[in-house]
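The values are calculated or read from the model by the stated rules, or taken from the named source; none is laboratory data. Quick caveat, the model's predicted, so the values are computed rather than measured. Heads up, the Cβs are rebuilt from the backbone with ideal geometry, glycines too, and the neighbour counts pull from every protein chain shown.
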Amino acid sequence: MPGITREEVAHLARLSRLELKPEELDHFAEQLDVIIGAVARVSEVAGQDVPPTSHPLPLTNVMRADEVRPSLTPEQALSGAPAAEEQRFRVPQILGED
Amino acid sequence: MTELIRYTAAETAGAIAKGEVSAVEVAQAHLDRIEAVDKKVNAFLHVDTEGALAAAKAVDEKRAKGEELGPLAGVPLALKDVFTTKGVPTTCGSKMLEGWIPPYDATLTSRLKDAGVVILGKTNMDEFAMGSSTENSAYGPTGNPWDLTRIPGGSGGGSAAALAAFEAPLAIGTDTGGSIRQPGAVTGTVGVKPTYGSVSRYGLVAFSSSLDQGGPCARTVLDAALLHEAIAGHDPLDSTSIDAPVPAVVEAAKMRDVRGMRIGVVKEFAGEGYQAGVMERFNESVELLRELGAEVVEVSCPSFTLALPAYYLIAPSECSSNLARFDAMRYGLRVGDDGTRSAEEVTALTREAGFGDEVKRRIILGTYALSSGYYDAYYGSAQKVRTLISRDFDAAFAGVDVLVSPTTPTTAFPIGERADDPMAMYLADLCTIPSNLAGNAAMSLPVGLAPEDNLPVGLQIIAPAMADDRLYRVGGAVEAALNDKWGHTLLEEAPAL
Amino acid sequence: MSVMTLVSYEDALASYDPVMGLEVHVELGTKTKMFCGCSTELGAEPNSQTCPTCLGLPGSLPVVNAVGVESAVKIGLALNCDIAEWCRFARKNYFYPDMPKNFQTSQYDEPIAFNGYLDVQLEDGSTFRVEIERAHMEEDTGKSSHVGGATGRIHGATHSLLDYNRAGIPLIEIVTKPIEGAGERAPEVAKAYVAELREVIRSLGVSEARMDKGQMRCDVNLSLRPNGTEKFGTRSETKNVNSLRSVERAARYEIRRHATVLSDGGTIVQETRHFHEDDGSTTSGRIKDNAEDYRYFPEPDLVPVAPARAWVEELRAALPELPRVRRARLQAEWGLSDKDMQSVLNAGAVGPIQETIAAGAPADQARKWWMGELARRANETGTELSEQPITPVQVARVAALVAEGKLNDKLARQVIEGVLAGEGEPDEIVEKRGLAVVSDDSALGAAVDQAIAENEGIAAKIRDGKIQAVGALVGAVMKATRGQADAARVKDLILEKLGVEGQ
Ligand SMILES: [Mg+2]
Ligand SMILES: [Zn+2]
């Protein structure tokens, strides 16, 4: 199983919105290479015909009735906002799509 | 009155119910203790003096009115800072949530309040519960009351240390890969990971949703059982909550009888990497169980050797998605918003500044494991391993009632020793992880000190899902036998702070 | 883009064959959101319908809305889909400020409904079968308003404001298989498909599917391939095309644009594009680079959905009459020729007419008003007939007033104008505008006397038996009463007064 390169780490950091510093990239690339080397052992079973378990519980069809429950007040909703305006969350300019 | 802090939760509740002491006195005694020792221990991130005294006062008033008091009414508790508390800061040990005051209570929080439990404050933890030493807290490490230069385990080191330092008789932890049991083991306290789905996760800030489970921490098995009963049970706000009666754990904790029980020793949890003194105490406890009339057999769970790798793919994968919400838009930290930067840039700068190394490592690892091209080899395979591990458990439990192993391969290690060696750190959870992957129940219980370093050793007991009562039956019996043998509880040997 | 000169539609089709994919998002009309109990009521004040779950607060968890699942199954059945025996929600991971968790709870490789089709009727009455790939459940995002830029556009904005009332509202995403073989009718097929889908959704009662309210949104994916070839070309994805007319225009525009680029020997970039209502053009949005990786994985906070077969069959048995069947029945009931029915259909008047009849109007009246005044207005304004600011009940009331003789057609038209202008209910408008037909004799009497007095010569002729001359007097009275008199009654009165027997 291949390890991981500094470039891959940089790409993953972009995907996960982490503005890593150059020295962090080096450091993490090194550590992640070791970790991935160790965890890659799981792929031993990749070929085996075993059903995957995504969840420890055998439950299905857990649903709620379509009944309105009290919401937070706008004040409560906005209470943690770094910035608010006109009872809305104020965020920096958004690039790309409307 | 300092004696009050040495009461068990059961004794405290009894004394309050009988009117021998008021809940306010009890709360004050613990607040004083925290005041006195927590500068050294750093178990608490936030002490809610007002809230605690108000809750205690309410219990005293209830009693004055002759109203029925619950079995834990007036008992102080230290709450891991990963559960939301309405109006009280919740940081998860992260700069990202510094100063965040949730507008809602976790289901567990409201159950504690309804039970009249007095919440003293929020305890220290590895950032977002990622770690095994509490060194990953953004607010400084917690010391192990047995030796302040050593780690109290993690991620719930604060809760375990609060118990061992007699700052609280009860605490709440969360266990994703061992974060309740491993701190319990290295601090000489009792920690239980209930069956996945038996304690609501609503309001538990998610690290790895399919593994996270809240549970009780205490100084005695009975206290743990009382707390277990108070927090467990179905919650319609948590889709993964089990809608079935909670096993009779309190009754089981009082049985103190293991005669006729079949106990399996997991062969894979021994050998290289296991400290001699840890194995010595473990083997003694197995002997003890025989003497107490249990039948002990050796069982093999071959897939357990793949548990750690599977865990370090599943947990980071889920965490990479769970922690995406920390984007500086709606709550928590925001840095770099100078009017010129885009939301995207501000998010990236904030996450860089707000998350610590371990969290960043796991987010990147999880993002990698889920990314197209790697999913099947990594996340997909890890899910298969999960199936194999459950099968090993099923096979084992077909022949035995519970499994036992050391909780951790070693005793508490010095703060800093493994700080920059992730793989070494991850080994601390070697024995605890399989139960998280399978979702069954497990307990750690103090069984003595390792001769070479005089630090606590934990015995892990594992029971099938929804058979949590077996943990308490076995744990209660072992605890009683050891206390008789020693003439006191293990924690009484802990150095004064 | 719109300035660049495009090859004509005919030339484009002469050398290229369009392949379309349509993705429609429908907001369900449930009382609460998909994963929390917050109300979905429109028009509430900002952030007043949010909770820890739909704000993505730390620690919050989702719980599935049972009606959301039921609606998804109904839609699947109505679209002739297979219903999954077991399926899961999945997390679609990407960062965007309008998405509180920075992942959308959706479905990935296990949609609740798949492999269906919808037969749509084209304007010439022929039928075209659109194959359905899948219909899956997901959640809507919050709404952002952009401040500081030109006219609320995102580009050039200094910052944005977010309202999460819409975040978490249930969405069903319906995806077609590639639509091939429509040739020059591709744009018409696209429009007819979306229109028919909307009819189906409404007939199921799971959503009002108002495109003007964003309850139904369409993405048009289009590519061209040289005539006679098999391999699909590179596609463009035109997002949020939000009216039937726009769906058709967007498809048309993209066919011409692709053809223009390709015939210049250029290549189409895979990108999302924005449609502009004003000139019907599309402009480039985000390039779809491979950096986009949604890292789907099964949502660990939810358990699988396994619709019991018996329950699915119950729902199938309880499905309402679907639009095509209903239309056939109505055509018979209304006694319309194929041609008339087709024009009713093309005008989108089936629903309005039926509801107007249900409100008590005779079929011919209901059809007359919707297909006349209102259809014309819809056409002129390029809006949907069903979305005019007048209700079937109001139209039925106007028809009733005419039947009662309280209005004549001329006045009725004014009443309808009044309703459209937001002046209130028909009766109020009759009141306010004073439009009632005048037929009470005392009021008319005076006008008649005056007309006779002022036209003695004509009156004399009538007395002498030249009854046909009465028209001139009637005209004079109608003029004096500004058309509000009941002409027949006026004639009788005049003849009475002149002591002549009407023949
Ligand atoms: Mg979608
Ligand atoms: Zn909500």
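Annotations
- Qualifying positions in region C:68-125 - among the polar types (S, T, N, Q) and assigned to a loop (DSSP other than H, G, I, E, B): C:Asn80, C:Asn102, C:Gln107
- Here B:Thr2 qualifies as closer than 26 Å to B:Asn144 by Cα and modelled with pLDDT under 95.
- Just one of the listed residues (C:His146, C:His155) is away from ligand 2 (no atom under 13 Å from the Cβ), buried (at least 16 other Cβ atoms within 10 Å of the Cβ) and of a type outside the set (Phe, Trp, Tyr), and it is C:His146.
- Residue check for C:Ile154: within 26 Å of the chain's Cα centre (by Cα) and farther than 30 Å from B:Val205 by Cα: no
- Only one entry in B:Phe282, B:Phe304 is away from chain A (no Cβ under 14 Å) and buried (at least 20 other Cβ atoms within 10 Å of the Cβ), namely B:Phe282.
Quick grid of which residues meet (1) modelled with pLDDT under 95; (2) under 24 Å from the mean Cα position of the chain (by Cα); (3) more than 24 Å from B:Leu306 (Cα to Cα); (4) buried (at least 18 other Cβ atoms within 10 Å of the Cβ):
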{"site": "B:Glu251", "(1), (2), (3), (4)": "no, yes, yes, no"}
{"site": "B:Lys254", "(1), (2), (3), (4)": "no, yes, yes, no"}
{"site": "B:Val258", "(1), (2), (3), (4)": "no, no, yes, yes"}
{"site": "B:Val265", "(1), (2), (3), (4)": "no, yes, no, yes"}
{"site": "B:Gly277", "(1), (2), (3), (4)": "no, yes, yes, yes"}
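- Scanning region C:369-390 for residues that are part of a helix (DSSP H, G or I) and crowded, with 18+ Cβ neighbours inside 10 Å turns up C:Trp369, C:Trp370, C:Met371, C:Glu373, C:Leu374, C:Ala375, C:Ala378, C:Leu385, C:Ser386.
- Given (1) facing chain B (nearest Cβ under 10 Å); (2) within 16 Å of ligand 1 (Cβ to nearest atom); (3) without any contact (Cβ under 8 Å) to a residue 40 or more places away in the chain, number of the condition C:Gln107 does not satisfy: (1)
- Scanning region C:2-49 for residues that are at positive phi and more than 10 Å from every other protein chain (Cβ to nearest Cβ) yields a single hit, C:Gly43.
- Listed by first and then second residue, the pairs with beta-carbon distance under 9 Å, at least 6 apart or on different chains, first residue in region C:32-60 and of a type in the set (Asp, Glu), second assigned to a loop (DSSP other than H, G, I, E, B) and away from ligand 1 (no atom under 16 Å from the Cβ), are C:Glu41/A:Val68; C:Glu41/C:Lys31; C:Glu41/C:Gln49; C:Glu41/C:Asn165; C:Glu45/A:Gln87; C:Glu45/C:Asn165.
- Any hit, region C:67-80, residues being within 16 Å of ligand 2 (Cβ to nearest atom) and either without any contact (Cβ under 8 Å) to a residue 40 or more places away in the chain or over 30 Å from B:Leu204 (Cβ atoms) (or both): yes
- Verdict on C:Arg397 being touching a residue at least 40 places away in the same chain (Cβ under 8 Å) and either surrounded by fewer than 20 Cβ atoms within 10 Å (Cβ to Cβ) or basic (Lys, Arg) (or both): no
- Residue selected from region B:53-86 under the condition small (Gly, Ala, Ser) and under 30 Å from B:Trp100 (Cα atoms), by the criterion farthest from the chain's Cα centre (by Cα): B:Ala58
- Counted residues, region A:1-45 - those being within 7 Å of chain B (Cβ to nearest Cβ) and among the small types (Gly, Ala, Ser): 4
- The number of residues in region B:195-212 that are closer than 14 Å to B:Ala106 by Cβ and more than 8 Å from chain C (Cβ to nearest Cβ) comes to 3.
- Among the residues making up region C:127-162, those that are within 16 Å of ligand 1 (Cβ to nearest atom) and not in a loop (DSSP other than H, G, I, E, B) are C:Ile132, C:Glu133, C:Arg134, C:Ala135, C:His136, C:Met137, C:Glu138, C:Glu139.
- Some residue of region C:55-64 being away from ligand 1 (no atom under 16 Å from the Cβ) and under 13 Å from C:Asp163 (Cβ atoms): yes
- The residues of region A:46-87 that are farther than 25 Å from B:Tyr196 by Cα, over 25 Å from the mean Cα position of the chain (by Cα) and within 7 Å of another protein chain (Cβ to nearest Cβ), listed by number, are A:Gln48, A:Asp66, A:Glu67, A:Val68, A:Arg69, A:Ser71, A:Leu72, A:Pro74, A:Gln76, A:Glu85, A:Glu86, A:Gln87.
- Taking region C:19-45 as the range and being touching a helix residue (DSSP H, G or I) at 6+ places or on another chain (Cβ under 9 Å) and away from ligand 2 (no atom under 12 Å from the Cβ) as the test, the residues that pass are C:Val19, C:Met20, C:Leu22, C:Val24, C:Val26, C:Glu27, C:Leu28, C:Gly29, C:Thr30, C:Lys31, C:Leu42, C:Glu45.
- Hits in region C:163-174 - residues which are touching a strand residue (DSSP E or B) at 6+ places or on another chain (Cβ under 6 Å) and away from ligand 1 (no atom under 16 Å from the Cβ): C:Asp163
- Subset of region C:84-103 that is more than 11 Å from chain B (Cβ to nearest Cβ) and either in contact with a helix residue (DSSP H, G or I) (Cβ under 6 Å, 6 or more places away or on another chain) or not acidic (Asp, Glu) (or both) - its residue that is nearest to ligand 2 (Cβ to nearest atom): C:Arg88
- Among the residues of region C:404-430, those identified as part of a loop (DSSP other than H, G, I, E, B) and not charged (D, E, K, R) are C:Gly405, C:Leu407, C:Asn408, C:Ala421, C:Gly422, C:Gly424.
- Residue ID - surrounded by the most Cβ atoms within 10 Å (Cβ to Cβ), chosen from residues in region B:333-370 that are polar (S, T, N, Q) and facing chain A (nearest Cβ under 7 Å): B:Thr367
- Among residues of region C:4-50, those that are within 16 Å of ligand 1 (Cβ to nearest atom) and at pLDDT below 95, counted: 0
- Taken together, C:Ile132, C:Ile169, C:Ile174, C:Ile179 contain a single residue that is within 16 Å of ligand 2 (Cβ to nearest atom), among the aliphatic types (A, V, I, L, M), modelled with pLDDT of 95 or more and surrounded by 15 or more Cβ atoms within 10 Å (Cβ to Cβ), which is C:Ile169.
Conditions tested, residue by residue: (1) away from chain A (no Cβ under 14 Å); (2) in contact with a Gly (Cβ under 9 Å, 6 or more places away or on another chain); (3) crowded, with 24+ Cβ neighbours inside 10 Å; (4) modelled with pLDDT of 95 or more.
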position: B:Gly439; (1), (2), (3), (4): no, yes, yes, yes
position: B:Pro451; (1), (2), (3), (4): yes, yes, no, yes
position: B:Leu455; (1), (2), (3), (4): yes, yes, no, yes
position: B:Ile461; (1), (2), (3), (4): yes, yes, yes, yes
position: B:Gly476; (1), (2), (3), (4): yes, no, yes, yes
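- Filtered residue count, region C:50-83, keeping only those that are of a type in the set (A, V, I, L, M, F, W, C), more than 8 Å from chain A (Cβ to nearest Cβ) and either under 22 Å from C:Val175 (Cα atoms) or touching a strand residue (DSSP E or B) at 6+ places or on another chain (Cβ under 7 Å) (or both): 8
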